[in-house]
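Below is one structure, written out as structure tokens, with a few remarks after it.
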Amino acid sequence: MDNFTLINGVVIPAVGFGTYLTSERDDGTVAAALEAGYRHFDTASFYGTEQALGDALQSSHVPRSELFLTSKLWKTEMGYDGALAAFERSLQKLHTDYLDLYLIHWPRTDDLSAEWRQLDHDTWRALEDLYRAGRVRAIGVSNFLPHHLRNLMESADIMPMVNQIEFHPGYPQTYTVEFCRKNNILPEAWSPLGRQRVLQDARLAEIAANYHKSVAQLCVRFALQCGVLPLPKSSSPERMAANLDVFDFCISDEDMDRILTLPQFGWSGLHPDYPKADS
Ligand code: A2P
């Protein structure tokens, strides 16, 4: 499998396995993902999947050094002390003494009227200290738009290396992706398949057929060709494998343009600055 390399030289397997909504208990999903070839796992304290992931990885006996583990601190864990405590809880559940990547999950708390600028600065300072102490190999954010990133970068000593955002055909967030690219921040895609909302789309089906691939595979490949690291989820071993089988074709420039210029559809309704919208 190909890799992405972060600005600090850390190498990440180019397709990761998302664990949101997988079982809170070890139900064999992680073992199946390992079997399919995944070594990069994405979790978060909010998902409730850290323990199951940690247990499954521990019993797999895959060496820790071959795994790439990302977790995120939740909105209620922000602030300097909150972030440090959240990090320790994540390590414990994941049965590890370091993370490969640690992210601030959202730039703002649920109370959208609360002051978020200072909170982000304080939280980021904790991540910088964890990074300097060698507890985490890379640090970044999630669901940050350019104005949230600019605010963070104003006070940061270490720039964010990753920004994980919703990204799929119908919602490619080109403005944010371009901002990340210019600032050496690797964008990652949560819901690269639009959580099935885009998989039935006839326009995407027509394009996928050109390459004898499924729409899901087209979506994963689309992210890669946009320079965005996809984190697809699946509960089925066949679909886990299919989502990794995307390195034997290349979407043409013309088809990339068609996908990138589709009118918005399949959005989750989640936005960092607004209450959840009906999607
Ligand atoms: P399943 O678990 O039954 O495979 P996203 O990663 O965008 O959040 O999307 C996850 C959803 O997409 C899950 O419901 C998953 O269902 C489905 N899915 C994952 N891979 C594929 C695939 N290759 N083909 C069709 N559906 C898929």
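The values are calculated or read from the model by the stated rules, or taken from the named source; none is laboratory data. In this text, all values refer to a predicted model and were calculated from it rather than measured experimentally. Don't worry about glycine lacking a Cβ; one is built from the backbone with ideal geometry, like all the others, and counts go over all protein chains shown. What goes into the accessible areas is simple: the full protein's heavy atoms, side chains included, and nothing from ligands, DNA or RNA. Shrake-Rupley method; radii C 1.70, N 1.55, O 1.52, S 1.80 Å.
Taking R0 as 41 Å, what's the FRET efficiency between His147 and Ser236 from their Cβ-Cβ distance, rounded to 0.05?
0.60
Assign unit charges at the C-beta atoms only (+1 for Lys and Arg, -1 for Asp and Glu), then state the dipole size of region 80-135 relative to its Cα centre in Debye, rounded to the nearest 20.
Around 140 debye, computed over region 80-135.
Counting DSSP beta bridges in the chain, what percent are antiparallel, to the nearest 5?
20 percent
Looking at the square roots a ≥ b ≥ c of the eigenvalues of the Cα gyration tensor of region 92-149, which shape do they give, rounded for a/c under 1.5, prolate if a/b is larger than b/c, or oblate?
prolate
Can you work out the FRET efficiency for the pair Ser65 and Thr5, with r the C-beta to C-beta distance and R0 = 22 Å, to the nearest 0.05?
About 0.80, to the nearest 0.05.
How much accessible area per residue does the chain have, in Å², with a 1.4 Å probe?
Per-residue accessible area for the chain comes out at 44 Å².
Run the dipole for region 164-250 about the Cα centre, Lys and Arg Cβ at +1, Asp and Glu Cβ at -1, nothing else charged, and hand back the magnitude in debye, nearest 20.
140 debye
Evaluate the charge dipole of region 107-252 about its Cα centre and quote only its size in Debye, nearest 20, assuming +1 on the Cβ of each Lys and Arg and -1 on the Cβ of each Asp and Glu.
Dipole magnitude for region 107-252 comes out near 280 debye.
Holding the Cα-Cα limit at 27 Å, pick out from Lys75/Lys213; Lys93/Lys276; Lys72/Lys213; Lys72/Lys233; Lys213/Lys233; Lys75/Lys233 the pairs that are longer than that.
Table pairs above 27 Å Cα-Cα are Lys75/Lys213; Lys93/Lys276; Lys72/Lys213.
Give the carbon-plus-sulfur fraction of the accessible surface of region 45-193 in %, rounded to a whole number; probe 1.4 Å, heavy atoms of protein chains only.
49 percent
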